[in-house]
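The values are calculated or read from the model by the stated rules, or taken from the named source; none is laboratory data. Quick caveat: nothing in here was measured; it's all calculated off a predicted structure. Cβ sites come from the backbone with ideal geometry, for glycine too, and all protein chains shown count toward neighbours. Just so you know, the surface numbers come from the protein's heavy atoms only, side chains and all, with ligands and any DNA or RNA stripped out. Shrake-Rupley method; radii C 1.70, N 1.55, O 1.52, S 1.80 Å.
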Amino acid sequence: MADGVTFLVAPLALAIFGLPAAWMHPVSRFSAPGRFSAAFVAGTVVYTVWLTLLSAAGIRWSDASVIVPLTLLSIGGALVLARRKVGTEVGEAESGSLVWWAAAISIASGTGHLVLMALTSRATSVDYLYFWGVKAQRFAALGGIDTALLTDPLAVHMHSNYPPLVPIVYAWGISLAGRLPWQMGLASCAAWLLAGLPLLRDLLARRLHRDEATLAASFWFLALALALPAALSAGNAEPPMVLFVSVAIAALLEGSSRWLAIVALSGVVLTKNEGLIVFLLIAAGGIARDLAEGARGARLVRRAAPMLLVPLAALGSWLLLEALRGVPMGDATRERAGELALGRAGDVVAGMVRNLDAGSAGLAWLVAVAIFVAARRRWRALLPAIVPAAGTLAFLFVYYLHFRGDELDTWMRWTMPRVSLSALAAALVGAAFAAAPDRRLET
Amino acid sequence: MTDVPEIEMVHDAPRSGARVGGWLAGCALLLAILVVRWAEVPAEARFRPPTSPLDNVGGLNKTTRFGWGFLWQVREILPAGSTYTIVAGDRDTEMSLFMLSFAVLTDCKGLPTSYYGIATPERGAEARYVLSYGCVAAIPGATSVEKLGDGCIWDRGER
């Protein structure tokens, strides 16, 4: 039990490595949980990149190679930025008000649902047992990314080319807990969502009234707390993925925290292979929004370049390791690109619609779409959410057209609820900002 | 990387009763769905502690579900550093158990009898121990080590 709790709580300590984020504008004006949340997002990304680079260089993970340099760097950065702290705090829902109670009940119920579904084995991702947890155990035992495992021809099922964030973060928990508590580890899905909630809420509060921001964030949390178990995503990479996607889009829509979007986008590409597609879609949405709002020439490049280059550089740490250590960059278990079964287009569309239930009988999607329709006049401002939400679904349509077997329906029922979670997260965050009062979205 | 704020928010955005009501209704509906989800689970099974992380995962075949427990029983018996292979009634089960074994039999080395449905008997033959899920077959020339609830362990001697 104690090792289980340690494993669940351990990743939150990664916030220590992202302290400067808590003093960056506008996060420095956020609530304490919101600032912690930003530090956690940044710390997780910095930690993953650093450990990947250490393994690429053949240096073992240790206190001296990991904790000491990252802590010093983080505290140093925070001290420099702390001098710049200015401004006002974002408002919070009045304690004891109807809104406060509604949010408290929603968050407590969503957390309870996630944890109970995980602990009673109703939300388990088999991939957690097949490879995410396995990699984490091996990385923790070795004190580095186990390239012998990733290059073993009889371990192709490890999906060696999947980016390393999840096993690296789990390995951190294992190193503190002493082992991977397989059953309790499933509840980490709740920790990821909870870790992102205050940051999302505070980003929303920059554009929405504090009560509306609190309720919109609660809706986001509840919708995903229902969707993750329905997609059997306890223990896999979807919980961090929806966190990073949500923060990236919220930061872009908020408008003055583009650096936070860049950090979260780095998390997106380090979490899943599909993350590269989702990252490109979010970045494309951000650039399209800038173009639609008149950014041209040097200004456009200045805004777009860091958003594209920094996440790609973060992914570069993993590609470097793959190149240096001979880890396959492709995945032998995947379908070959370009071999489309166009005759199945109708079946694929029908299957996609059937599998957008998201654990809420489709309500989460319906609410998001209804808000987008109501806010259609402001579609330009919402492009950072619309492009990844619609684009991910379009990508999945093409992906399923590649399926060559006889059991398309079974395959879609098994995978679609999971792989559409990023699109759902994008739609929910976009809808929350779309509900902002007029002119609050214009950047 | 500097970040120049383009809009400064000093005051709250205006509050709209309709928007607050809308979000409240949305949360209430999701909460109602959550309650229905749990009401659908038979009361006696609702909070029953699982025996494995796979107990209640819909869409999984039974062998994968029970194989997790089998492998943990095997873990108690197999000596550290030994090699093993897994045989089962069908290739899908063999692949599932082989993948799960990486999580459980961490001190041993797995060599597949089949991999992604393709027979690899020459690799499986290199393994000392044969984990026969469901005791599907006696292993010629091997001695029985243990008969467990979900399968048998056979020893083929030093390889």
In terms of Cα to Cα distance under 16 Å, which aspartates and glutamates are near enough to residue B:62, apart from those fewer than 8 places away along the same chain?
B:90, B:92, B:94, B:150
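Report the A-B buried area as the accessible area lost on both sides summed, probe 1.4 Å, in Å² to the nearest 100.
Numbers: alone 18000 and 10900 Å², together 23270 Å².
Roughly 5600 Å².
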Can you give me the distance in nm between label points at residue A:141 and residue B:122, each placed 7 Å from the Cα along the Cα-to-Cβ direction?
2.8 nm
Looking at the square roots a ≥ b ≥ c of the eigenvalues of the Cα gyration tensor of the range A:2-328, which shape do they give, rounded for a/c under 1.5, prolate if a/b is larger than b/c, or oblate?
oblate
Rounded to the nearest 20 debye, what is the charge dipole size of the range B:62-155 about its Cα centre when +1 sits on each Lys and Arg Cβ and -1 on each Asp and Glu Cβ?
120 debye
Please list, in order, the residues from the range A:364-395 whose amide nitrogen is less than 13 Å from a point placed 7 Å along the Cα→Cβ vector of residue B:16.
A:371-378
Charge dipole of the protein assembly as shown about the Cα centre (unit charges at C-beta), most positive-ward option of A:424, B:104, A:217
A:217
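Could you tell me what percent of the DSSP beta bridges with both partners in the range B:62-155 are antiparallel, to the nearest 5?
Working: 11 of 17 bridges.
Taking every DSSP beta bridge with both residues in the range B:62-155, the antiparallel ones total about 65 percent.
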Expressed in nm², what is the orientationally averaged projection area of the convex hull enclosing the Cα positions of the protein assembly as shown?
27.6 nm²
Classified through the alpha carbon gyration tensor (a ≥ b ≥ c as square roots of its eigenvalues; rounded if a/c is under 1.5, else prolate when a/b is larger than b/c, else oblate), the range B:62-155 comes out rounded
What is the magnitude of the charge dipole of the protein assembly as shown about its Cα centre, with +1 placed on the Cβ of each Lys and Arg, -1 on the Cβ of each Asp and Glu, and no other charges, expressed in debye to the nearest 20?
1300 debye
Å² of accessible area per residue within the range B:62-155, as computed with a 1.4 Å probe and no ligands counted:
43 Å²
Which percent of the accessible heavy-atom area of the range A:2-328 goes to carbon and sulfur, probe 1.4 angstrom?
70 percent
Residue by residue through the range A:227-241, what is 3J(HN,Hα) from phi via Karplus (6.51 cos²θ - 1.76 cosθ + 1.60, θ = phi - 60°)? Round to whole Hz and write x for glycine and proline.
6, 4, x, 4, 8, 6, 10, 7, x, 9, 8, 5, x, x, 4
What value in Å³ per residue do you get for the convex hull of the alpha-carbon atoms in the range A:241-312?
69 Å³
Net charge dipole size for the range A:2-328 [Lys, Arg +1 and Asp, Glu -1 on Cβ; Debye, nearest 20]
760 debye
Roll a 1.4 angstrom probe over the protein heavy atoms and tell me the percent of accessible area of chain B that is carbon or sulfur.
57 percent
Comparing A:64, A:136, A:364 in a Gaussian network model of chain A (Cα, 10 Å), the one with the largest mean-square fluctuation is A:64
So between residue A:97 and residue A:411, what do we pick up on full extension, going 0.36 nm a residue minus the alpha carbon distance?
108.4 nm
Cut-off of 10 Å, at most 15 other beta carbons, DSSP loop: longest stretch of chain A lacking such GluC sites (Glu not before Pro)
A:95-292
Within the protein assembly as shown, which cysteines find no other Cys whose Cβ is under 4.7 angstrom from their own?
A:189, B:27, B:108
Taking the Cα centroid of the range A:244-318 and of the range A:168-205, what is the distance between the two, rounded to the nearest whole Å?
23 Å
Under the 0.36 nm per residue contour assumption, what length would be gained going from the current alpha-carbon distance of residue A:325 and residue A:342 to full extension?
2.3 nm
What the 5 Å binned alpha carbon P(r) of chain B shows, as percent of pairs per bin from 0, is 2, 8, 13, 15, 12, 7, 6, 5, 5, 6, 6, 6, 5, 4, 2, 1, 0
Rounded to 0.05, the calculated FRET efficiency for the beta carbons of residue B:106 and residue A:332 at R₀ = 22 Å is 0.35
Computed ³J(HN,Hα) along the range A:285-302: with the Karplus parameters 6.51/-1.76/1.60, θ = phi - 60°, integer Hz and x for glycine or proline, the list is x, x, 5, 4, 5, 4, 4, 5, 9, x, 6, 9, x, 4, 5, 5, 5, 4
In chain A, if the dipole is taken from +1 on Lys/Arg beta carbons and -1 on Asp/Glu beta carbons about the Cα centre, which of A:141, A:395, A:328 is farthest to the positive end?
A:395
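When you look at the Cβ of every residue in A:201-213, what mean number of other chain Cβ atoms sits within 10 Å? Intermediate values should be presented prior to the final figure.
Values: counts 0, 0, 0, 1, 3, 6, 3, 7, 7, 3, 8, 9, 3.
For peptide A:201-213, the averaged partner shielding equals 4.
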At a threshold of 8 angstrom on Cα-Cα distance, excluding pairs fewer than six apart, so keeping six or more, what relative contact order does the range A:2-328 reach in percent?
25 percent
Hey, what number do you get for chain A at 222 nm if only DSSP H runs of n ≥ 4 count, each worth -39500 (n - 2.57), divided across all residues, to the nearest 500?
-21000 deg cm²/dmol
From the residues A:163, A:246, A:261, which one has its Cα farthest along the dipole of the range A:134-271 in the positive direction, the dipole being from +1 and -1 charges on Cβ of Lys/Arg and Asp/Glu about the Cα centre?
A:261
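What accessible area per residue, rounded to a whole number of Å², is obtained for the range A:2-328 using a probe radius of 1.4 Å? List each step's numbers first, then the result.
Values: 9740 Å² over 327 residues.
For the range A:2-328, the per-residue accessible area is 30 Å².
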Alpha-carbon centroid distance for the pair the range B:6-85 / the range A:92-124, whole angstrom:
13 Å
A correct Karplus calculation of ³J(HN,Hα) over the range A:312-320, with 6.51 cos²θ - 1.76 cosθ + 1.60, θ = phi - 60°, whole Hz and x for Gly and Pro, returns 5, 5, 4, 5, x, 4, 6, 5, 4
Can you list residues whose amide H is under 5 Å from residue B:115's amide H, if they're 5+ apart or on another chain and H is modeled 1.01 Å from N?
B:120
Simple SL model, points at 7 angstrom along Cα→Cβ for residue B:47 and residue A:1; separation in nm is 1.4 nm
Apply the a/c threshold of 1.5 to the C-alpha gyration tensor of the range A:59-151 and tell me whether it is rounded, prolate or oblate.
oblate
